[in-house]
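No value in this document is a laboratory result; all are computed from the given coordinates. The shown structure was predicted, so the numbers you read here are calculated from the model rather than taken from an experiment. When we count neighbours, we look across all protein chains shown, and the Cβ atoms used for this are built from the backbone with ideal geometry, even at glycine.
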Amino acid sequence: MVGRLFSIGEVLIDFVPLQKGRALKDVISFERAPGAPANVAAAVAKYGGTSSMITKLGADAFGDFLLEQLQDAGVQTDKITRTTEANTGLAFVSLREDGERDFSFYRKPSADLLLTEEEIEAEWFASNDILHFCSVDLVDSPMKQAHVKAIESVKAAGGIISFDPNVRLPLWDDPQECRNTILSFIPLAHIVKISDEELEFITGMSDIDEAIASIFTGDVKAVVFTKGANGAALYVNGKKYESKGFRVEVQDTTGAGDAFIGGLLSQLLDMNTAQQTLEATLESCHELILSIANASGALTTTGKGAISALPEKQEVEQLIKAR
């Protein structure tokens, strides 16, 4: 039986500006796009895998919109509950001319933060499943404890834990609290995906190799270091595997990191990878896995939004062949 990806955490709406190169206060109009880690689940589903989202949405129109978007993307939504106690989270984004972003979040709290550990059932998970999470929903809340329960349950079943810190400092009262929380969850993961922009902030080290080495703590078996247009490097079993990026015309970087890790995790699922085979699979298939991840991330930047900009699997394969 082929495994399933479970994504846990926030499902919020990114309001992406229709105008580039303006400060958030000067943006006139926006379009709606679902935010991460739902994007990772959508990427896996789009590439033919099975994925499921674990979260809580508000009983409001934005929650309805997100549910429909996930279902249209092929993501299973039976692990999503609804609440009237809080609204669905919102994020307003402004895009600079280079496609990079500025965020303003609305959630104090949002519905996703109210998911409790009692709502996580260990029976959901099997040995070849993957659980993916980010740091946005690790603020002090019931959802933080729900993450811990899900991580423990997947591990007990023999599955793989994937962590993308995905640092969003505006959501934290204190940058140090964000850093400390991320550092406390890294040892719980088997795969840590970290960007060049986040590495020094999280580790406190400016030397890349030294910083990467410090991430190998607890259960960490592999670190994926992403470098935007310059590709990525995979660190596993004391070895480093480099993979070049793809040159594309960037419109919007929203969701690129999610598409990257979605492409990577979809390959691990296709290969029926479990905890005990993770390192061997990454080593023997690193070229294919990283190429698909890089192409997935690159193509997503050529459109706007995240789920709506995800490429088809055929487009990913064509970009790799055209290199």
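For K244, a cut-off of 26 angstrom between C-alpha atoms picks up these lysines, skipping any fewer than 8 places away in its own chain: K46, K193, K221, K227, K304, K313, K321.
Per-residue extension of 0.36 nm, minus the Cα-Cα distance of Q314 and E287, leaves a gain of 7.9 nm for this segment. Across segment 1-95, Cα-Cα pairs farther apart than 19 Å form 44% of the total. Since only S195, N180, A126 are under comparison, the one whose Cα sits farthest along the positive direction of the charge dipole of segment 125-195, derived from C-beta charges on Lys, Arg, Asp and Glu, is A126.
Reported value for the chain: 121 Å³ per residue, from the convex hull of its C-alpha atoms.
Based on the Kirkwood radius over alpha-carbon pairs, what value in µm²/s does the Stokes-Einstein equation return for the translational diffusion coefficient of segment 218-323 at 10 °C and 1.306 mPa s? Show your work: numbers first, answer last.
Details: Rh = 13.9 Å.
Diffusion coefficient, whole number: 114 µm²/s.
Work out, step by step, the length gained on full extension between E123 and D60: first 0.36 nm times the residue separation, then minus their alpha carbon distance; give nm to one decimal. Spell out each step's value before the answer.
Details: separation 63, 0.36 × 63 = 22.68 nm, distance 2.95 nm.
The E123-D60 span can extend by a further 19.7 nm.
Below 8 Å, C-alpha to C-alpha, sequence gap of six or more: please give me the relative contact order for the chain in percent. In percent, rounded to a whole number, it is 18. Between the residues F6, L57, Q76, the greatest Cα displacement towards the positive end of the dipole of segment 1-86, with unit charges on the Cβ of Lys, Arg, Asp and Glu, is found for F6.
Ranked highest first by average number of other Cβ atoms within 10 Å, how do 119-128, 81-90 line up? Before the final figure, lay out the partial values.
Values: 119-128: 16.0, 81-90: 17.8.
In decreasing order of mean packing, 119-128, 81-90 become 81-90, 119-128.
Note on I28 and E197: with the Förster distance fixed at 22 Å, the Cβ-Cβ geometry gives a FRET efficiency of about 0.20. Simple point charges give the picture: +1 on the Cβ of Lys and Arg, -1 on the Cβ of Asp and Glu, and for the chain a dipole about the Cα centre of about 540 debye.
Against the compact-protein benchmark of 2.2 N^0.38 Å, the Cα-based radius of gyration of segment 101-257 scales to 1.08. With neighbour counts taken as other beta-carbon atoms within 10 Å, the residues S51, S184, S214, S195 rank, fewest first, as S184, S214, S195, S51. Between F15, S135, V220, the Cα set farthest toward the positive side of the dipole of the chain (charges on each charged residue's Cβ, about the Cα centre) is that of F15.
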